[in-house]
Amino acid sequence: MALALGHPEHGYYRKQDPLGRSGDFITAPEISQVFGELIGLWAAIAWQQAGSPAFVQLIELGPGRGTLMADFLRAAKSVPGFVEALDIHLVETSPALRQCQKQTLGGNRVQWHAELANIPAGPALIIANEFFDALPVDQYIRTADGWCHRCIGMEEGGETLCFIPGDPATLPEAVSDIATGALQGSILEYSPASADHASQMASRMAEDGIAALIIDYGHARSGAGETLQAVRGHSRHDVLSNIGNADLTTHVDFETLSRAAANAGAAVYGPLPQGAFLAALGIEARTEVLAGGAKDDQAGLLHSGCRRLIAADGMGTLFKVLALTGKNPGLPAAFEGMIGNIING
Ligand SMILES: C[S@@+](CC[C@H](N)C(=O)[O-])C[C@H]1O[C@@H](n2cnc3c(N)ncnc32)[C@H](O)[C@@H]1O
């Protein structure tokens, strides 16, 4: 998965801009400008709760076309002093998408990094929308002889890739509970890269504050089952064919991320369904305001975009939002009604 997406020459993200209607998939910021605007206002509230520090690193992981960041910054301007406090850092490995981000964010001072770990310490607002689903997972399969790595090999005598059981494996602690009672043929997924990123984000929160948001599709609780999927041209695709030309993702395991973040010292909130998160921040009211001043076809797109982002049969339930903070006074906006999180109930 790491090579298929990130190989310097043949990797899917290295070669192209896969987003949008003409690409392979569409993401929330590309559906409605209100998405990035509300995240900007959410971050502004976190900044104010932390005492409006004069210097904050605004970090986005996997910023795609830069659309979320552009909408974030436009909304952020309505909060006095906020934009002036921000130092913008983008973590992006794709040269094609870096180019896009440069164009979208032309008027701003932006620094690019290959890894979160390269960004110096300091108070930070960190945003990751549909970043974690692109991080590689390890798979394990239950065989007659116990748990084994699930590997990729060649069909006998052929040239086609196929999944094969590999060496016997000791399951990572994070998924060993859910393995109990699993039947032969069951598959488990665990993403060391995701746990590592959640833990890095959380360490920053614990050390210097202020807040981070992880938004993605996935499950609130860890569970057995395979979620690895390939998408090309907005349709499902075979995972092992056309490697490097189709997007590969998995559903994000929010319980594992929450545990990794809590172990690294952050306060963890959620996950909330994306629909509830955006509704609490006022997506419908903001959409009405924009639609009121727009032509009919544009107003129609704004309304359908809003519906898609929050409806249970759209992205409202499958997509979830996890918030991490340092020792901020007050609960993060939209999470006020929550008295716990997925790991402590
Ligand atoms: C599914 S896109 C999401 C784009 C954007 N956040 C949005 O919502 O439109 C995934 C993004 O993460 C980037 N990416 C994927 N793997 C990465 C990695 N290991 N390190 C840094 N960026 C990565 C991709 O190049 C792309 O910008």
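Taking the stated definitions as given, is Glu189 within 22 Å of the chain's Cα centre (by Cα), at pLDDT 95 or above, within 26 Å of Tyr13 (Cα to Cα) and more than 16 Å from the ligand (Cβ to nearest atom)? Here the answer is yes, as Glu189 does meet what is asked.
Looking only at region 240-254, count every residue that is away from the ligand (no atom under 16 Å from the Cβ), under 14 Å from the mean Cα position of the chain (by Cα) and not hydrophobic (A, V, I, L, M, F, W, C) and tell me the total.
The initial filter retains those residues of region 240-254 that are away from the ligand (no atom under 16 Å from the Cβ), namely 240-242, 253-254.
Still in the list and also under 14 Å from the mean Cα position of the chain (by Cα): 253-254.
From the residues that got through so far, the ones that are not hydrophobic (A, V, I, L, M, F, W, C) too are 253.
Residues flagged as away from the ligand (no atom under 16 Å from the Cβ), under 14 Å from the mean Cα position of the chain (by Cα) and not hydrophobic (A, V, I, L, M, F, W, C) within region 240-254 amount to 1.
Being crowded, with 21+ Cβ neighbours inside 10 Å and among the charged types (D, E, K, R) is the filter here; which residues of region 315-338 pass it? Hit for region 315-338 is Lys320, nothing else. Comparison of Leu97, Leu183, Leu135, Leu188 shows that the only residue that is more than 19 Å from Asp253 (Cβ to Cβ), surrounded by 13 or more Cβ atoms within 10 Å (Cβ to Cβ), touching a residue at least 12 places away in the same chain (Cβ under 8 Å) and out of contact with any Cys (no Cβ under 6 Å at 6 or more places or on another chain) is Leu97. Within region 249-263, not a single residue is open to solvent by 10 Å² or more (accessible area, probe 1.4 Å), among the aliphatic types (A, V, I, L, M) and modelled with pLDDT under 95. Considering region 7-30, and only residues there that are within 16 Å of the chain's Cα centre (by Cα) and not in a loop (DSSP other than H, G, I, E, B), the residue that is surrounded by the fewest Cβ atoms within 10 Å (Cβ to Cβ) turns out to be Phe25. Out of the residues in region 207-226 that are open to solvent by 20 Å² or more (accessible area, probe 1.4 Å) and among the aliphatic types (A, V, I, L, M), which is modelled with the lowest pLDDT? So the residue we want is Ala224. Residues in region 1-60 that are of a type in the set (Phe, Trp, Tyr) and more than 10 Å from the ligand (Cβ to nearest atom): Trp42, Trp47, Phe55. For region 284-301, the count of residues that are assigned to a loop (DSSP other than H, G, I, E, B), touching a Lys or Arg at 6+ places or on another chain (Cβ under 8 Å) and open to solvent by less than 60 Å² (accessible area, probe 1.4 Å) is zero.
Residues that are over 15 Å from Ile39 (Cα atoms) and surrounded by fewer than 23 Cβ atoms within 10 Å (Cβ to Cβ) within region 58-76 comprise Gly62, Arg65, listed in sequence order.
Could you list, in sequence order, the residues of region 73-92 that are touching a Pro at 6+ places or on another chain (Cβ under 9 Å) and either more than 16 Å from the ligand (Cβ to nearest atom) or farther than 18 Å from Met205 by Cα (or both)? Within region 73-92, Ala85, Glu92 meet the criteria.
The values are calculated or read from the model by the stated rules, or taken from the named source; none is laboratory data. Treat the numbers as computed from the prediction; the structure is a model and nothing was measured. Positions of Cβ are backbone-derived with ideal geometry, glycine not excepted, and every protein chain shown enters the neighbour counts. In case anyone asks, the SASA skips ligands and DNA or RNA and just uses the protein heavy atoms, side chains included. Shrake-Rupley method; radii C 1.70, N 1.55, O 1.52, S 1.80 Å.
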